[in-house]
Amino acid sequence: MSVGLVVVSHSAQLAAGVVELAAQMAPDVSLFPAGGMDDGGLGTSLEKVMTALGLADTGNGAVVLTDLGSAVMTAESALEFLGNPENMRLADAPLVEGAVAAAVAAQSGACLDVVCKAAETALNPVRGAADGAPVAGSEESDGKVAAVLTLINPMGLHARPAAALAGQLGAMDVDIEINGVDGQSVMMLMTLGAAQGTELVVSATGPDAQQAVDLVRAEVEAGFGEL
Amino acid sequence: MANNAALDAAWAIDWLRRSAAVVAENRVHLIELDRAIGDADHGENLDRGFSAILEKLDAELPATPGAAFKLAAMTLMSKVGGAAGPLYGTAYLRAATAVGDAASLDSATLATALAAARDGVVARGKAAVGDKTMIDAWTPAVDAAASAAADGAGPAVVLDAAATAAEAGAVSTDPLVAHKGRASYLGERAIGHRDPGAVSSAMILRAAAQAAEASS
C-alpha cells in the first residue's frame, strides 16, 4: 500500500484530468479527484474532499493537492474537521507538477513526508552545491560516505528508477546528493537526465549514509533490474 | 430576568433560520456589492449555503447549540463554493468546538464562541482589521461582545452589542483599499465600496441578536 493522493480543484474536469495524468505514472496509487460542487458547478465542496480523503488513505496516509484560493481553504477545513490527523498533509505545491511528482514518489513506496516533499519541490528543484570535487571510490571522511558509479542500463536514470531510488532513500535518515541534487527527490533526480554511461557522484551524510550509498550502488550495478 | 436567559438549541436553530431569511432577502444586494469589487457571487453562494441549512433543519433538528453550529459549518463548507464557504464554515466550526456539548450558552460562553469564530476566520483567510474583509465586522463585534459580557449583560444584550459593532464595522470598510481576495486586485478603485463579506457578517450577527431577543 502506498500514500494516497487527493486532487482538489474548483473544476470537476480539472481534478479528474490531473488524476488521469498522474495515474499514468502511478498505476498502483490511490488517486482521488475532489473537483467542483455537488451540483457540478465550479467551486469546492468539503464533502467531496472528505470523501476523497477517506478513499485515498489506505493505511499509509494521504497528501492533498489544491488549485486556487478557496480550494486551499476547503482542504484546510476538511483536515480540521477530521481533527488534523498526522497521516494527512496539505501540500503547498503547483497542482499538475505537484500531483505528478507526488504520485511517482507514492508509486515507489515513499513515506508521507517524502511524497509531500516531492510535490512541494516539483516546480523548483533546488540543486545542491555539491558539484565540486568528486570523491573517488567509497571512503569515509568527516562521516561522509561517497561513491562514483556508472549507469549501465540502456535507459539510464529515467522516471521509474528515479522514483525507486528516491522512494527508498526517502525512508532513510540521510542527506544524500547525487550529481548535486537531492537523492530523496524524484523530480530532482529526473532533472539530471542521466543516460547510460553517465557517472553518478554520490555523497551522503547522516546515520544511514553507508546504507544509502550501498543501496544506490546495488541499484545502479543491477541496472535497476532492467538488464 | 428573562433577558438573562441562557441561549439553547432552539435559539441556535432560530438564528440559522433567520440568517437564511436575511441572506435570501438581501441576495441581490450582496451580489451587487460583490459585483462592484469582486466576482458578484457572494449573495448567490451564501443563499445556496443557507438554503441547504434550512433543508437539513427540516430533516433533523440539532439537540445543542454546538450541534447546530457544526451542521451549519459542514453545510456551508460543502455548498457555498466560494471563499465564503470555508470562512463562514470555519467560524461555525470553531464556535461549535468552543461551546462543546453545552445545552445552553451564557454571556461569557457566547463571547468566547464569537472570539473563537473570529479567530477561525483569521486563521483561514489570513486577514487583519483594515484589510476590507469580514474581519472588519467580526473583530469589533467580538470586542463589543466581550466588553458587554464582562459588564454582566445578558446573552441578548451581548449579541445586540456584537451586531451593532459589526454593522459599524461594515460601514468602516467603505474608504478602505482591499488587501485580501479578489477586491485586492482593484487597488484604490475599491475605495467607496462596502465589503460584501463584512455586510453579510453584520446581517448574520444581527440575526443572532434578533433570535436571542425573540427567545427571551
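The values are calculated or read from the model by the stated rules, or taken from the named source; none is laboratory data. All values reported here derive from a predicted model rather than from experimental measurement. A quick note on method: Cβ atoms are made from the backbone with ideal geometry, for glycine too, and the neighbour counts reach across all protein chains shown. With ligands, DNA and RNA removed, areas are computed over all heavy atoms of the protein, side chains included. Shrake-Rupley method; radii C 1.70, N 1.55, O 1.52, S 1.80 Å.
I need the calculated FRET efficiency for the pair residue B:103 and residue B:51, taking r as the beta carbon distance and R₀ as 30 Å, to the nearest 0.05.
Working: r = 28 Å, r/R0 = 0.93.
E(calc), rounded to 0.05, equals 0.60.
Under 5 Å from the amide H of residue A:6 lie the amide H atoms of A:32, A:63, A:64, A:65, each residue being 5 or more positions distant or on a separate chain, with H modelled from the backbone and absent for Pro and chain starts.
Quick one: Cα convex hull volume of the range B:51-131, Å³ per residue? Numbers along the way, then the final one.
Details: hull volume 7.3 nm³, N = 81.
Convex hull of Cα atoms, per residue: 91 Å³.
Considering every alpha-carbon pair of the range A:4-120, the percent of pairs per 10 Å bin, from zero through the bin containing the longest distance, is 17, 55, 27, 1.
In plain terms, the bigger the Kirkwood radius, the slower the diffusion; for the protein assembly as shown, with that radius from Cα pairs, at 20 °C and 1.002 mPa s, Stokes-Einstein puts D at 89 µm²/s. The range A:1-43 and the range B:1-49 have Cα centres spaced 33 Å apart.
Label sites at residue A:150 and residue A:84, each approximated as a point 7 angstrom past Cα along Cα to Cβ, lie 5.3 nm apart.
If the segment from residue B:119 to residue B:174 were pulled out straight at 0.36 nm per residue, it would be longer than the present Cα-Cα gap by 17.5 nm.
Peptides B:69-80, A:79-90 ordered by packing proxy, namely the average of other Cβ atoms within 10 Å per residue, highest first: B:69-80, A:79-90. Taking Cβ atoms as reference points and 15 Å as the exclusive limit, the residues near residue B:152 contribute a net charge of -3, counting Lys and Arg as +1 and Asp and Glu as -1. Computed extension gain for residue B:129 through residue B:32, at 0.36 nm per residue and net of the alpha carbon distance, reaches 32.6 nm.
Relative to the longest principal axis of the Cα atoms of chain A, helix A:209-221 runs at roughly 90 degrees.
Quick one: go through the range B:9-37 and flag any residue whose amide nitrogen is under 18 Å from the point 7 Å out along the Cα-to-Cβ line of residue B:189. It comes to B:32-37, nothing else.
For the options A:166, A:106, A:12, a Gaussian network treatment of chain A with springs between C-alpha atoms closer than 10 Å singles out A:12 as fluctuating the most. Across the alpha-carbon set of chain A, the Rg to Rh ratio works out to 1.04, Rh being the Kirkwood radius.
To the nearest whole percent, what portion of all C-alpha pairs in chain B is separated by more than 24 angstrom? Please report the intermediate quantities before stating the final value.
Details: 8030 of 23220 pairs.
I get 35 percent for the Cα pairs in chain B exceeding 24 Å.
Counting only protein heavy atoms and using a 1.4 Å probe, what share of the accessible area of the protein assembly as shown belongs to carbon plus sulfur, as a whole percent? Intermediate values should be presented prior to the final figure.
Working: 9530 of 17800 Å².
Of the solvent-accessible surface of the protein assembly as shown, carbon and sulfur hold 54 percent.
Relative to one another, the C-alpha centroids of the range A:55-93 and the range B:150-169 are positioned 36 Å apart. In degrees, nearest 10, range 0 to 90: what is the angle between the Cα axis of helix B:65-79 and the longest Cα principal axis of chain B? Once rounded, one gets 30 degrees.
Centre-to-centre separation between the Cα atoms of the range A:153-182 and those of the range B:58-109: 47 Å. Measuring r between the beta carbons of residue A:214 and residue A:171 and using R0 = 25 Å, the FRET efficiency lands at 0.95. Extension gain for the segment residue B:17 to residue B:147, taken as residue separation times 0.36 nm less the Cα-Cα distance, is 44.1 nm to one decimal.
Interface burial in the range B:61-86 reaches 40 Å² or more for B:74, B:77, B:78, B:79, B:81, B:86, comparing the full protein assembly with the chain by itself; accessible area from heavy atoms with a 1.4 Å probe. The convex hull defined by the C-alpha atoms of the range A:42-92 has an orientation-averaged projected area of 3.3 nm².
FRET efficiency for the pair residue A:28 and residue A:199, taken as 1/(1 + (r/R0)^6) with r the Cβ-Cβ distance and R0 = 41 Å, rounds to 0.80. With no solvent and one equal point scatterer placed on each C-alpha of the range A:140-225, evaluate the Debye formula and give log10 I(q)/I(0) for q = 0.14, 0.15, 0.18, 0.25 Å⁻¹, two decimals. Rounded to two decimals, the profile gives -0.38, -0.44, -0.65, -1.28.
The HN-Hα couplings worked out from phi for the range A:180-186 by the Karplus form 6.51 cos²θ - 1.76 cosθ + 1.60 (θ = phi - 60°) are x, 10, 5, x, 8, 10, 4 Hz, whole numbers, x standing for Gly and Pro.
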